[in-house]
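The values are calculated or read from the model by the stated rules, or taken from the named source; none is laboratory data. Just so it is clear, the structure is predicted and the values come from calculations on it, not from any experiment. Here the Cβ positions follow ideal geometry from the backbone for every residue, glycine too, while neighbour counts run over all protein chains shown.
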Amino acid sequence: MKKGIQLALVVCAISLVAAGCGTKPTSSGPVQASNPASTSPAEQQEENKQTQEIKVYYVDDQLTQLEQGTKEITFEDDSDKYSQTFAALQSSDQTEHISLWNKIDLLSSTFDQGVLTLDVHIPEDAALGASGELLALDSLKETFFQFEEVTSIDLLVDGNAAESLMGHAELDHPMNRN
């Protein structure tokens with residue numbers, strides 16, 4: 001008789017376990033995904049990022065005219081958007097599009113009341129001739145003036161409002177949208 005009771009208890013225990021495995025949580029239980037405190041800082045930062053497809057202007061492989069390309073950038077705020085746009089301007093995915101900004105370092109970017117200020121460092125090996133310098137400035141203006149909020153660009157070289165970017169073309173402070 002004791003074996004029968006033990007067998008019945010084992011069968012009941014297995015039935016309860018099997019029934020518990022098949023149940024699904026109800027809405028009355030805690031839901032972790034909707035609790036902001038349970039997300040990590042990295043997850044919250046990722047949720048705050050925006051993605052945008054932008055136009056980026058390069059020069060053709062003959063270095064004679066601007067060519068338009070597109071890139072997708074991911075950013076957190078306007079300041080980051082402009083830094084990511086500059087990074088997109090520094091490299092091309094297509095061999096027929098050449099970046100004239102690939103060796104130039106962006107030191108900082110700030111945006112205030114329509115004025116985008118970009119501070120760059122130009123290493124000696126990044127210097128271009130007169131036509132290359134003009135094309136580089138045109139590609140910069142075309143790329144950044146696609147953003148409606150940017151009404152002018154102040155391009156600084158090592159923190160200074162230089163008369164010329166690389167010694168050939170006059171540099172306006174700021175360069176205004178035409």
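Structural remarks
- Pick from the stretch 52-64, criterion farther than 24 Å from Gly114 by Cβ and at pLDDT 90 or above, ranking: farthest from the chain's Cα centre (by Cα): Val59
- Condition check for Lys2: farther than 21 Å from Leu140 by Cβ, of a type outside the set (A, V, I, L, M, F, W, C), exposed (fewer than 14 other Cβ atoms within 10 Å of the Cβ) and at pLDDT 75 or above: no
- Unique match (being at pLDDT 90 or above, of a type outside the set (S, T, N, Q), under 14 Å from the mean Cα position of the chain (by Cα) and more than 17 Å from Asp172 (Cα to Cα)) among Phe111, Phe147, Phe86: Phe86
- Some residue of the stretch 67-79 being touching a strand residue (DSSP E or B) at 6+ places or on another chain (Cβ under 7 Å), part of a helix (DSSP H, G or I) and touching a residue at least 60 places away in the same chain (Cβ under 8 Å): yes
- For the stretch 82-122, taking the residues that are among the charged types (D, E, K, R) and closer than 19 Å to Arg177 by Cα, the one that is surrounded by the most Cβ atoms within 10 Å (Cβ to Cβ) is identified as Asp119.
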